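Please read the structure below before turning to the comments.
The values are calculated or read from the model by the stated rules, or taken from the named source; none is laboratory data. Being a predicted model, the structure only gives us computed values, none of them experimental. Positions of Cβ are generated from backbone atoms using ideal geometry, with glycine treated the same way; all protein chains shown enter the neighbour counts. Note: accessible area is taken over every heavy atom of the protein model, side chains too, but ligands, DNA and RNA are not part of it. Shrake-Rupley method; radii C 1.70, N 1.55, O 1.52, S 1.80 Å.
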Amino acid sequence: MKSVYHKADTRGDANHGWLHSKHSFSFANYYNPERMNFGVLRVLNDDIVSGGMGFGTHPHKDMEIISIPLSGDLEHKDSMGNTTVIKEGDVQVMSAGTGVQHSEKNKNEGEEVRFLQIWIIPNKENVTPRYDQITLDKQKLDNTLFQILSPNKNDDGVWVHQDAWMHMGNLEKDNSVTYDLKKSGNGVYVFVLEGTIKVGEQVLDKRDALGVWETDSITIEPNETSKVLLIDVPMI
């Protein structure tokens, strides 16, 4: 088994006033040659957007883009004709494919919106752009790792053009869970949203991450009530 540990305070930090973003991997003005990606996981941004502010219309191509709101309301508009609002408990996916333009804005003037923006490199290029979003049943996340994304249209969660899976769980103290990687050659990136967990001998606090590969499974032991996100991806 191989692993890489990313402590929360080692992430790239970009504070634009209206936007405060933490970058797990090189992005925009943050460049670290040792933090370019984890397999096909190219971007994991932890964003806080001030009230009423947002990202103006901008293009994407050949990327699977997933947004997971943590609090507040995020308004999305795109060139496919979608105008939607996503909030905590929702998962949004957009396959950029041949090209799409979109904007994201904090719908509320009086509060911040916090969300994760995740980019996964697809295994197919020039696909027809598409959009989808779901609302999770939060009870299904209790003391388990619930699938929120996969390569399969008929599985739980949204789907992407890649052999990638994502799971979330709300774990109570001392309720350990074992995760079996979904495909040979994949690795799993464990990101702690809340709380403190232990994976093997590594203790992970809030917003710490551990990437693990060349293994079939990992066990997560919560030291307190914790919320985790697992991203299972090909290691290229």
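When residues in the stretch 1-47 are screened for being among the charged types (D, E, K, R) and under 20 Å from Val93 (Cβ atoms), 3 of them pass.
Scanning the stretch 1-34 for residues that are open to solvent by less than 20 Å² (accessible area, probe 1.4 Å), in a loop (DSSP other than H, G, I, E, B) and either in contact (Cβ under 8 Å) with a residue 24 or more places away in the chain or not hydrophobic (A, V, I, L, M, F, W, C) (or both) returns Ser24, Ser26. Is it the case, given these coordinates, that Asp78 is closer than 18 Å to Lys138 by Cβ, among the acidic types (Asp, Glu), touching a strand residue (DSSP E or B) at 6+ places or on another chain (Cβ under 6 Å) and free of Cβ contacts under 8 Å to residues at least 60 places away in the same chain? Judged against the criteria, Asp78 is not a match. Looking only at residues in the stretch 86-111 that are assigned to a loop (DSSP other than H, G, I, E, B) and touching a His at 6+ places or on another chain (Cβ under 9 Å), the one that is farthest from Ser50 (Cα to Cα) is Gly97.
Taking the criterion of being crowded, with 19+ Cβ neighbours inside 10 Å, charged (D, E, K, R) and closer than 26 Å to Thr128 by Cβ, the only residue of the stretch 43-70 that qualifies is Glu64. Applying the set (1) without any contact (Cβ under 8 Å) to a residue 60 or more places away in the chain; (2) within 20 Å of the chain's Cα centre (by Cα) to Ile121 leaves exactly one unmet item: (1). One residue stands out in the stretch 164-218 among those that are part of a strand (DSSP E or B) and polar (S, T, N, Q): the one that is most open to solvent (accessible area, probe 1.4 Å), namely Thr178. Selection within the stretch 126-147: residues that are among the polar types (S, T, N, Q), open to solvent by 80 Å² or more (accessible area, probe 1.4 Å) and more than 20 Å from Ala164 (Cβ to Cβ). The member of this set that is modelled with the lowest pLDDT is Gln139. The residue of the stretch 76-105 that is farthest from the chain's Cα centre (by Cα), among those that are farther than 20 Å from Val160 by Cα and open to solvent by less than 40 Å² (accessible area, probe 1.4 Å), is Ser103.
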